[in-house]
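Enquirer: Structure below; questions to follow.
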Amino acid sequence: MTIERRLREDVIATALAMNAAGINRGKSGNVSVRLHDAAIDGFLITPTGVPYLQTTPEQIVAMTLSGEARGSLLPSSEWRFHRDIYAARADAQAIVHTHAPFATTLACLHRGIPAFHYMVAVAGGKDIRCAPYATFGTQELSDHAVAALAERRACLLANHGMIAIGTSLAQALALAVEVETLAEMYWRALQISEPVALPDAEMDTVLAKFATYGQQKVDPKS
Ligand SMILES: [Zn+2]
């Protein structure tokens, strides 16, 4: 089996796992993975409009970083932010985009996730930002997403959902699950009051520890 064929299967498996984990419903989210190939410098992405259970490896769309699609189906309507994240971020090898209920609830309030819990650092910084709203599929949304992801591996999208990036599909999915878990805990705390924020200096300590341990060790699945 070629590497590309295996990656196509992994994209479908990740999309199915995203729904099974409860961080996405129906076919609203999308998944991509960077493709290093002699023939294409780009990525593989879920097609638009096909339920994940019915998606075949052949239907996964290959795209170049200049935005040309290769395949029988159209790519996800959100291919622009996938393309722009790969172009901007050498560390991005895979991207998971979901309309996870709790993350999206906060995003609809235009609220990011502050340092209310030390695990916020799993996304790479002292908070998880919420990108301003723009119409789905637009260059404007993509620009907002890339900016909100600066020095981060995840962000929320106002009135829309969230994005998680990783060095592999498994890592991007695990981060998306973690972000949704944090969003749920933050939302629950907000029912009582605004939770106590960790001091900046403490988040510096946590970020330093995460850097030392490496992301694998803070991955809840490892
Ligand atoms: Zn979306």
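The values are calculated or read from the model by the stated rules, or taken from the named source; none is laboratory data. Being a predicted model, the structure only gives us computed values, none of them experimental. All Cβ positions, even for glycine, are placed from backbone atoms using ideal geometry, and neighbour counts span all protein chains on display. Just the protein is used for accessible areas: all its heavy atoms, side chains included, with ligands, DNA and RNA removed. Shrake-Rupley method; radii C 1.70, N 1.55, O 1.52, S 1.80 Å.
Enquirer: If you scan the stretch 140-178, which residues turn out to be among the hydroxyl-bearing types (Ser, Thr, Tyr) and open to solvent by 60 Å² or more (accessible area, probe 1.4 Å)?
Expert: Answer for the stretch 140-178, where residues must be among the hydroxyl-bearing types (Ser, Thr, Tyr) and open to solvent by 60 Å² or more (accessible area, probe 1.4 Å): just Thr167.
Enquirer: To continue, here is another question. In the set Ala176, Ala147, Ala201, which member is modelled with pLDDT of 95 or more, under 21 Å from Ala17 (Cβ atoms) and not in a loop (DSSP other than H, G, I, E, B)?
Expert: Ala176
Enquirer: Right, another one. How do the pairs read when you match residues in the stretch 13-41 that are closer than 21 Å to Arg89 by Cβ and away from the ligand (no atom under 16 Å from the Cβ) with residues anywhere that are open to solvent by less than 10 Å² (accessible area, probe 1.4 Å) and part of a loop (DSSP other than H, G, I, E, B), using Cβ under 9 Å and keeping only pairs 6 or more apart or on different chains?
Expert: Filtered contacts from the stretch 13-41: Arg34/Ala92.
Enquirer: Here's a check for you: in the stretch 71-87, which residue that is open to solvent by 50 Å² or more (accessible area, probe 1.4 Å), at negative phi and without any contact (Cβ under 8 Å) to a residue 60 or more places away in the chain is nearest to the ligand (Cβ to nearest atom)?
Expert: Leu74
Enquirer: If you don't mind, there's one more thing I want to ask. Kindly check whether there is at least one residue in the stretch 123-139 that is open to solvent by 20 Å² or more (accessible area, probe 1.4 Å) and outside any loop (DSSP other than H, G, I, E, B).
Expert: Yes, the conditions are met somewhere in the stretch 123-139.
Enquirer: Here are Thr46, Thr55, Thr105, Thr98: which of them is more than 14 Å from the ligand (Cβ to nearest atom) and open to solvent by less than 50 Å² (accessible area, probe 1.4 Å)?
Expert: After applying the criteria, what remains is Thr55.
Enquirer: Only residues in the stretch 93-107 that are without any contact (Cβ under 8 Å) to a residue 60 or more places away in the chain count as the first member; pair them with residues that are more than 11 Å from the ligand (Cβ to nearest atom), Cβ under 7 angstrom, at least 6 apart or cross-chain, and list the lot.
Expert: If the second residue must be more than 11 Å from the ligand (Cβ to nearest atom), the pairs left are Ala107/Cys130; Ala107/Leu156; Ala107/Ala158.
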